[in-house]
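Throughout, read-outs are computed from the coordinates displayed, never taken from laboratory work. Since this is a predicted model, take the numbers as computed values, not measurements. A quick note on method: Cβ atoms are made from the backbone with ideal geometry, for glycine too, and the neighbour counts reach across all protein chains shown.
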Amino acid sequence: MGIPFIDLKSQEVQLRSRIDQAIGKVIDHGAFIMGPEVFELEEKLADYTGCRNVVTCSSGTDALTMSLMAIGVSAGDVVFVPSFTFVATAEAVISVGAEVCFVDVDSDTYNMCPESLERAVHQTVMAGKKAAAVIPVDLYGLPANYNSINTIATKARMAVIADGAQSFGGSVDGRKVGNLAGVTTTSFFPAKPLGCFGDGGAVFTDCEDTAALLRSIRVHGQGASKYDNVRFGMTARLDTIQAAILLVKLEVFAEELEMRQTVANRYQAAFAGAAGLQLVEQKATSAWAQFTISSDRRDRIYASLRESEIPSVIYYPKAVHQQDAYRTFTCVSSGLPVTENLVKSVLSLPMSPYLTCHDQDRVIEVVLRAA
Ligand SMILES: *Cc1c(COP(=O)(O)O)cnc(C)c1O
């Protein structure tokens with residue numbers, strides 16, 4: 001049998017009867033929209049992260065859009081995002097009518113570079129525009145440099161929205177993702193560390209006012225009652241069935257995180273010191289959505305893995321500022337050299353809690369031979 005890139009099957013087999021039961025319960029009670037499981041999940045996610053308010057929603061992208069709306073980011077505002085990310089980070093900014101300014105990433109963590117951000121903020125202010133928010137991304141599951149970014153943001157009086165779509169479960173000095181910025185978003189897309197059986201997401205914040213706004217925006221800008229609309233909103237609820245599935249998966253999540261760490265440790269040990277291979281520097285505790293290497297011989301490694309029928313994926317073959325729809329947007333004046341180099345050198349290897357040592361050894365052998 002082939003090695004899966006992300007092994008969702010092993011988890012499903014293990015949890016299937018409990019998930020079937022949980023789905024059956026929702027069908028029985030019939031509260032498909034905002035049923036009791038949604039609120040139970042929000043409580044459990046708050047317990048898990050230690051964050052005061054959790055607002056579940058329809059996707060990681062909608063979580064970003066809702067957060068921008070709740071913070072009041074709108075036309076004319078500038079929002080700073082790394083270009084080395086999934087397109088949704090920038091897309092959410094466009095969808096609220098604001099302007100994107102692309103920032104470069106650090107060459108060791110591949111996450112937003114604070115110096116590049118500082119320069120971009122300065123450039124924006126000099127151009128007479130409003131620096132409204134920054135969205136650092138926790139790429140591959142590794143929390144971004146929030147210490148520096150929060151400081152820069154406070155000085156510039158702008159909001160920080162952490163795009164934790166890949167990093168749910170990650171932490172910095174014991175502080176879990178969800179508490180590292182004023183607002184944090186995540187995604188429950190099936191392939192993310194905590195995934196449901198469809199689309200889903202959540203927003204985390206300690207701010208009661210922001211949480212109240214998010215809850216209103218999630219349902220068409222609802223006011224005191226269902227047909228009282230006090231602001232513009234969205235249809236951005238998490239389905240009760242998805243919440244029920246996530247409740248089951250959350251029970252094994254902590255254990256799965258440890259299993260991911262074990263897999264990551266084995267990769268790191270095998271690749272340590274290998275000529276021509278670079279690993280992402282782990283300056284925080286990653287949720288290990290991906291295990292990513294970078295190499296000048298990336299294409300050769302990719303081809304060798306393919307020949308051995310081992311899947312690998314390039315996240316991302318194009319930076320967002322290189323995408324047709326985003327070419328005309330502003331970039332930091334110093335350019336994006338690190339990002340433009342990374343798109344040519346990164347490669348993500350099979351990663352999941354259930355990756356066996358045997359399969360992992362095959363991956364390692366092929367990578368080392370081709371590197
Ligand atoms: C997956 C992802 C998103 C979007 O999440 P969806 O649930 O698919 O909308 C946003 N940002 C990043 C960095 C992601 O990886």
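Mind jotting down the distance between the C-alpha centroids of segment 39-86 and segment 298-371, whole Å?
So the separation of the two Cα centres works out to 27 Å.
Can you tell me what percent of all Cα-Cα pairs in segment 169-212 are more than 14 Å apart?
54
Above 14 angstrom, tally the Cα pairs of segment 295-371 and express them as a % of all pairs, no decimals.
66
Report the rotationally averaged projected area of segment 19-140 based on its alpha-carbon convex hull, in square nanometres.
For segment 19-140, averaging the hull's shadow over all directions gives 9.7 nm².
Could you please report the charge total around Ala289, scoring K, R as +1 and D, E as -1 over all other residues with beta-carbon less than 14 angstrom from its beta-carbon?
With Lys, Arg at +1 and Asp, Glu at -1, the net is -2.
Going through segment 297-371, which trypsin sites (Lys or Arg not before Pro) have at most 11 other Cβ atoms within 10 Å and a DSSP loop state?
Arg327
Please identify every one of the chymotrypsin sites (Phe, Trp or Tyr not before Pro) in segment 31-78 that sits in a loop by DSSP and has no more than 15 other beta carbons within 10 Å of its own beta carbon.
In loop regions of segment 31-78 (DSSP not H, G, I, E or B), the sparsely surrounded chymotrypsin sites (Phe, Trp or Tyr not before Pro) are Phe32.
Once Rh is set to the Kirkwood radius over Cα pairs, what Stokes-Einstein translational diffusion coefficient, in µm²/s, holds for segment 179-335 at a temperature of 37 °C and a viscosity of 0.692 mPa s?
D, rounded to a whole number, is 166 µm²/s.
Using a basic spin-label model with each label point 7 Å from the Cα along Cα→Cβ, how many nm lie between Glu208 and Leu368?
So the two model labels end up 5.7 nm from each other.
Could you tell me the largest-minus-smallest coordinate of the C-alpha atoms of segment 51-92 on each of the three principal axes, in descending order and whole angstroms?
Dimensions of segment 51-92 along the principal axes of its Cα atoms: 28, 23, 18 Å.
With label points built 7 Å along Cα→Cβ from the Cα atoms of Ser17 and Met34, find their separation and express it in nm.
3.6
I need the per residue convex hull volume for the chain, using only the alpha carbons, in cubic angstrom as a whole number.
Expressed per residue, the convex hull around the Cα atoms of the chain is 132 Å³.
Output the Kirkwood hydrodynamic radius of segment 1-89, Cα pairs only, in Å rounded to one decimal.
16.9
Rg and Dmax of segment 127-219, using alpha carbons, in Å: what are they?
Over segment 127-219's Cα set, Rg and Dmax evaluate to 13.9, 45 Å.
Quick check on the chain: helices-only [θ] at 222 nm, where DSSP H runs of length 4 and up contribute -39,500 (n - 2.57) each and the sum goes over total residues. Nearest 500, please.
It comes out at -13500 deg cm²/dmol, rounded to the nearest 500.
Between Arg119 and Lys283, what's the calculated FRET efficiency when r is the beta-carbon distance and R0 is 22 Å? Round to 0.05.
That gives a FRET efficiency of 0.55.
How many nm is it between the label spots at Asp173 and Ala272, if each spot is 7 Å from the Cα in line with the beta carbon?
Between Asp173 and Ala272, the label points sit 2.5 nm apart.
Quick one: compute a quarter of the convex hull surface over the Cα atoms of segment 279-329 and quote it in nm².
Mean projected area of the Cα convex hull: 5.5 nm².
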